[in-house]
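Written below as structure tokens is the structure these notes are about.
The values are calculated or read from the model by the stated rules, or taken from the named source; none is laboratory data. For clarity, every value in this text was computed on a predicted model and none was experimentally measured. Using ideal geometry, Cβ is built from the backbone for each residue, glycine included, and neighbour counts are taken over all protein chains shown. Keep in mind that these areas ignore ligands, DNA and RNA; they rest on the heavy atoms of the full protein, side chains included. Shrake-Rupley method; radii C 1.70, N 1.55, O 1.52, S 1.80 Å.
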Amino acid sequence: APRVLNVNVGVLGHIDSGKTALARALSTTGSTAAFDRAPQSRARGITLDLGFSCLRTALPPQLGPGPGELQFTLVDCPGHASLIRTIIGGAQIIDLMMLVIDVTKGMQTQSAECLVIGQIACQKMVVVLNKIDLLPEEKRQSAIEKMTKKMQKTLENTKFCGCPIVAVAAKPGGPEAPESENPLGVSELIEVLKSQAYLPSRDLSGNFLMAVDHCFSIKGQGTVMTGTILSGSVSLGDNVEIPALKVTKKVKSMQMFHTPVTYAMQGDRVGVCVTQFDPKLLERGLICTPESLHTIHAAIISLKKIQYFRGALQTKAKFHITVGHETVMGRVMFFSPAPADFNEEIQENVFDFEKDYLYQEEYLSKDSKTSEENKENGQSGEVQLPRQQWALLEFEKPVTCPKLCLVIGSKLDTDIHANTCRLAFHGVLLQGMEDKNYTETFLPKLKVYKLKHKEGQVERVMDDYSVIGRSLFKKETNIQIFVGLKVKLSTGEDGVIDGGFGQSGKFKIRIPDGLKPETKMLLTAASKKKSKGGKGDANKEDESSKNDAAQPVTITLLFKRYVFDTQKKMIQS
């Protein structure tokens, strides 16, 4: 058989931009999951699930000599905002994206979200301006040119800058029009798709992993799962695991668009028939080489904020986290390299547990709170931002996914109609935690620290080598655990906490190099004033403590504490 090269084309766009009609106009063979098969989808006239169909054409010259066919598998992604979870699931298998824009409306909220997903998950894009039949003929050309310019401007700062823009009418006259109406511009679009097709890099060495989007049983044959292979390959007779059902099944037969095959590889769209099980148990999900996926309760990811997301990404906030093909709620904690390592080279796909990391209240970006505070404090110049940042994700329920996979965080509970991007960050899963008790078994290995900064005051001098301090600790604090920590006086001396003094949270500080004469004078003067004031009436005392307060000697205690250290040790460098 002549070789068939498969390229997956995602058809994304705002609801009602005409994606399904375009896929139908382009395709010659529908697959089982194609064209709004879900009954509720037909009733509402919108695509609820990823629909697949295909288009075959001769192999274009840039893809190598010899006979062969180029197969475009069209992945019709749903446009409803609440279905963004599905789109994110679909985008992971897409080689080329078609962004469908209603030419009479231009960019809409979801078209922007689709563009964001495309930038994360896809290398190439074609923009399709659909519904040109709705433009009056005499103004059609100028309206198309105007919208083309607008789209070029929108794409200027994205990786799709300069991508082809094609105008079509997939279904002239709208959904009710007779089938005899021929689509406009579709054959030109096919030529553009052929020119954009490339040999996607397919890796056969990895474990087999397939995203299943449709499952049904055939009497006397078994259960068929259709989907797209995300990695590795599969052959007749292989065992595959269905992690969600915790079962392993043998592959009995396989088909690609109604043609029996014995082998399929990464990027292929395939139906796999295995020994019978109830298809209702697995509408969509993953199947894989036995034991190659892990089910995790938490994860460390490296991440980047999505520039169109408004608002800060805060530690302890909850996001919808899409990992592999699942979306679950999760809580985040952001952390960065230690400040000295902000400019270190980015480590791809690995996480170093030997290093120290700095806890962050939020993801650091140009507009984050820390940067704002620095501006207010008059620190001009560029804010130092680390080259790489990470997050600890803790999931509300366990997630099954490959070892290294794409992660997207979004706020899907934002009002669907609000004109705002709901995708907040994207990243790569670096380390999953399979142990349910990961907080005890795993997190203590993660060396994320907070910098603590406490201030108190010197109350009085005891002798040349020691002073009494106050206001650094609460009355109930166990001062014993702070003994031996270094402090600094505002007058420059270094001291060491020696122990508590009395019951009210005061403490004794040893000054190994002795107090400077001027510090001693300052402190003795202050305490003399106090004792003088004490003999007179109360008003005088108020005045004297005002003067005294103008010049107190402060004590600063700096230490770091690791967030996951069970003993809560304080560490000073």
Among the residues in segment 239-256, are any out of contact with any Leu (no Cβ under 9 Å at 6 or more places or on another chain), within 22 Å of CYS54 (Cβ to Cβ), open to solvent by 20 Å² or more (accessible area, probe 1.4 Å) and not polar (S, T, N, Q)?
yes
Give me the helices (runs of 4 or more DSSP H) completely within segment 1-96, filtered to those with at least 1 residues that are out of contact with any His (no Cβ under 6 Å at 6 or more places or on another chain) and modelled with pLDDT of 50 or more, ordered by residue number.
19-26, 84-91
Kindly provide the set of residues from segment 306-319 that are open to solvent by 40 Å² or more (accessible area, probe 1.4 Å) and assigned to a strand (DSSP E or B), ordered by number.
GLN314, LYS318
Can you go through THR322, THR295 and tell me which one is open to solvent by 30 Å² or more (accessible area, probe 1.4 Å), farther than 23 Å from MET256 by Cα and either touching a strand residue (DSSP E or B) at 6+ places or on another chain (Cβ under 6 Å) or assigned to a strand (DSSP E or B) (or both)?
THR295
How many residues of segment 373-405 are at pLDDT below 85, open to solvent by 40 Å² or more (accessible area, probe 1.4 Å) and more than 23 Å from VAL448 (Cβ to Cβ)? The answer is 8
Please go through segment 186-201 and give me each residue that is crowded, with 17+ Cβ neighbours inside 10 Å and among the hydroxyl-bearing types (Ser, Thr, Tyr), ordered by number.
none
The listed residue being touching a strand residue (DSSP E or B) at 6+ places or on another chain (Cβ under 7 Å), part of a strand (DSSP E or B) and either open to solvent by 70 Å² or more (accessible area, probe 1.4 Å) or of a type in the set (Phe, Trp, Tyr) (or both), out of LYS436, LYS450, LYS488:
LYS488
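Going through segment 491-517 one residue at a time, which ones are in a loop (DSSP other than H, G, I, E, B) and either open to solvent by less than 60 Å² (accessible area, probe 1.4 Å) or under 14 Å from THR554 (Cα atoms) (or both)?
The first filter runs over segment 491-517 and keeps only residues in a loop (DSSP other than H, G, I, E, B), leaving 491-493, 502-505, 511-516.
Those that are in a loop (DSSP other than H, G, I, E, B) and either open to solvent by less than 60 Å² (accessible area, probe 1.4 Å) or under 14 Å from THR554 (Cα atoms) (or both): THR491, GLY492, GLU493, GLY505, ILE511, GLY514, LEU515.
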Determine the pairs where a residue that is over 21 Å from ARG140 (Cβ atoms) and of a type outside the set (Asp, Glu), located within segment 152-172, has a partner that is at pLDDT below 90 and not in a loop (DSSP other than H, G, I, E, B) with Cβ atoms under 6 Å apart, the partner being 6 or more residues away or on another chain.
THR158/GLN119; LYS159/GLN119
Given the conditions (1) closer than 28 Å to LYS450 by Cα; (2) modelled with pLDDT of 85 or more; (3) in a loop (DSSP other than H, G, I, E, B), report the number of the one that LEU557 does not fulfil.
(3)
Give the residue, chosen from ASN349, ASN343, that is surrounded by fewer than 14 Cβ atoms within 10 Å (Cβ to Cβ), more than 27 Å from ARG422 (Cα to Cα) and touching a residue at least 40 places away in the same chain (Cβ under 8 Å).
ASN343
Please count how many residues of segment 518-527 are open to solvent by less than 20 Å² (accessible area, probe 1.4 Å) and of a type in the set (Val, Ile, Thr).
1
For segment 406-433: of the residues being farther than 21 Å from GLN119 by Cα and outside any strand (DSSP E or B), which is most open to solvent (accessible area, probe 1.4 Å)?
HIS417
Unmet criterion (only one of (1) open to solvent by less than 70 Å² (accessible area, probe 1.4 Å); (2) under 14 Å from GLN388 (Cα atoms)) for VAL332
(2)
Identify, from the list ALA143, ALA169, the residue that is open to solvent by less than 20 Å² (accessible area, probe 1.4 Å), farther than 25 Å from SER410 by Cβ and aliphatic (A, V, I, L, M).
ALA169
When segment 135-176 is examined, which residues are found to be out of contact with any helix residue (DSSP H, G or I) (no Cβ under 9 Å at 6 or more places or on another chain) and over 25 Å from GLU113 (Cα atoms)?
GLU137, GLU138, LYS139, GLN141, SER142, GLU176
Can you tell which of LYS528, LYS540, LYS532, LYS520 is at pLDDT 75 or above and among the basic types (Lys, Arg)?
LYS520
If a residue has to be in contact with a helix residue (DSSP H, G or I) (Cβ under 6 Å, 6 or more places away or on another chain) and modelled with pLDDT under 95 to count, how many in segment 283-305 make the cut?
2
Output the residues belonging to segment 143-160 that are farther than 17 Å from LEU184 by Cβ and part of a helix (DSSP H, G or I).
LYS146, LYS149, LYS150, MET151, GLN152, LYS153, THR154, LEU155
Could you say which residue among CYS161, CYS114 is within 24 Å of the chain's Cα centre (by Cα) and modelled with pLDDT under 90?
CYS114
